[in-house]
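Below: the structure, in structure tokens.
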Amino acid sequence: MKKIVLFFCLTLFFFSCRKTVNDPAALPDSYSNQPLGASARDLLTASRYTSINIQVQYMPGYQLDDVAIANVTAYLSMLCNKPAGVNVTQTQIAANGDTLNPEKVGIIERQTRTAYTSGSVISLYIIVTDGYDTSGSVLGFAYRNTSICVFGKNIFSHSGGFGEPTRVSLESSVLEHELGHILGLVNINTPMVAPHHDLAHGNHCSNPQCLMYYSIDLHSSILHPSTIPMLDSSCRNDLHANGGK
């Protein structure tokens, strides 16, 4: 499991990722029960799958912003060889209102997810919850080869105010960071072309300006509230070498 953790102080966001050896909950689809990063090459290349389908399920009040969805679609289209494109659907699911750990999130996914990889389409799943994680400081995490959880209430709590990023920029940053882990960054299942693995902070990039760095400075969100960090050349080179654009 890879986590994105927030410790809010001015404009500095910290990302902390850790692994778990336990699958949160078995899904009725063997392809989607693989470890994080296992589908990196399938996502980056067109050899097996020519399009990406993203099923977003959100709890009441936490639908992803349309601009954030457009940003994520453009992000994946820029990185992945998918001639048939990237499709995103959003549907509402029942409220939970509880603190959640990966095991609980996995159970909800098993109960509500309906879109799985089939034919020429590889499917990703994003759940946006109405609660916090058990630590109260996590914005989201990628926990399987095609699964991501985003804590909508935490996104809303730490965006849009004075000195805070916009909701769109924070949502987009969280989603794109976690999708980076789904694509095998850093050094998960996408090999490094050159060393840039920050060993002290899990599977993150050693470049402070990279989206995959363990902490991200949004460059004074008072002046630049819409800033979204980008992947650096090392991460882009890794993805390209593993079949990406």
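The values are calculated or read from the model by the stated rules, or taken from the named source; none is laboratory data. The shown structure was predicted, so the numbers you read here are calculated from the model rather than taken from an experiment. We place every Cβ from the backbone using ideal geometry, glycine too, and count neighbours over all the protein chains shown.
Please verify whether Ser135 is in a loop (DSSP other than H, G, I, E, B), among the small types (Gly, Ala, Ser) and closer than 22 Å to Gly202 by Cβ, treating the condition exactly as stated. Yes, satisfied.
Can you tell me which residue is farthest from Leu175 (Cα to Cα) among those in the range 114-127 that are of a type in the set (Gly, Ala, Ser) and assigned to a strand (DSSP E or B)?
For the range 114-127, the residue satisfying everything is Ser118.
Annotation note: of Ser137, Ser77, the sole residue that is touching a strand residue (DSSP E or B) at 6+ places or on another chain (Cβ under 8 Å), closer than 22 Å to Ser157 by Cα and not basic (Lys, Arg) is Ser137. Filter the range 210-245 down to residues that are modelled with pLDDT of 85 or more and over 18 Å from the mean Cα position of the chain (by Cα), then give me how many there are. Residues in the range 210-245 being modelled with pLDDT of 85 or more and over 18 Å from the mean Cα position of the chain (by Cα): 8 in total. Taken over the range 35-58, the criterion of being part of a loop (DSSP other than H, G, I, E, B) and either touching a Phe, Trp or Tyr at 6+ places or on another chain (Cβ under 9 Å) or modelled with pLDDT of 95 or more (or both) is satisfied by Leu36, Gly37, Ala38, Ser39, Thr45, Ala46, Ser47, Arg48, Tyr49, Thr50. Put simply, of Leu170, Leu199, Leu179 the only residue that is surrounded by fewer than 24 Cβ atoms within 10 Å (Cβ to Cβ), aliphatic (A, V, I, L, M) and touching a residue at least 12 places away in the same chain (Cβ under 8 Å) is Leu179. Applying the selection to the range 87-113, what residues are surrounded by fewer than 18 Cβ atoms within 10 Å (Cβ to Cβ), under 18 Å from the mean Cα position of the chain (by Cα) and assigned to a loop (DSSP other than H, G, I, E, B)? Hit for the range 87-113 is Asn101, nothing else. Please tell me if Leu179 is touching a His at 6+ places or on another chain (Cβ under 7 Å), closer than 21 Å to Met78 by Cβ and either part of a helix (DSSP H, G or I) or aromatic (Phe, Trp, Tyr) (or both). Considered against the rule, which asks whether it is touching a His at 6+ places or on another chain (Cβ under 7 Å), closer than 21 Å to Met78 by Cβ and either part of a helix (DSSP H, G or I) or aromatic (Phe, Trp, Tyr) (or both), Leu179 comes out as no.
Scanning the range 64-86 for residues that are surrounded by 15 or more Cβ atoms within 10 Å (Cβ to Cβ) and either free of Cβ contacts under 8 Å to residues at least 40 places away in the same chain or farther than 23 Å from Ser169 by Cα (or both) yields Ile69, Thr73, Asn81, Lys82, Val86.
Of all residues in the range 118-137, those being buried (at least 21 other Cβ atoms within 10 Å of the Cβ) and either free of Cβ contacts under 8 Å to residues at least 12 places away in the same chain or of a type outside the set (D, E, K, R) (or both) number 8. Filtered by the rule that a residue be in contact with a Gly (Cβ under 8 Å, 6 or more places away or on another chain) and either of a type outside the set (S, T, N, Q) or in a helix (DSSP H, G or I) (or both), the range 66-86 gives Ser77, Leu79, Cys80.
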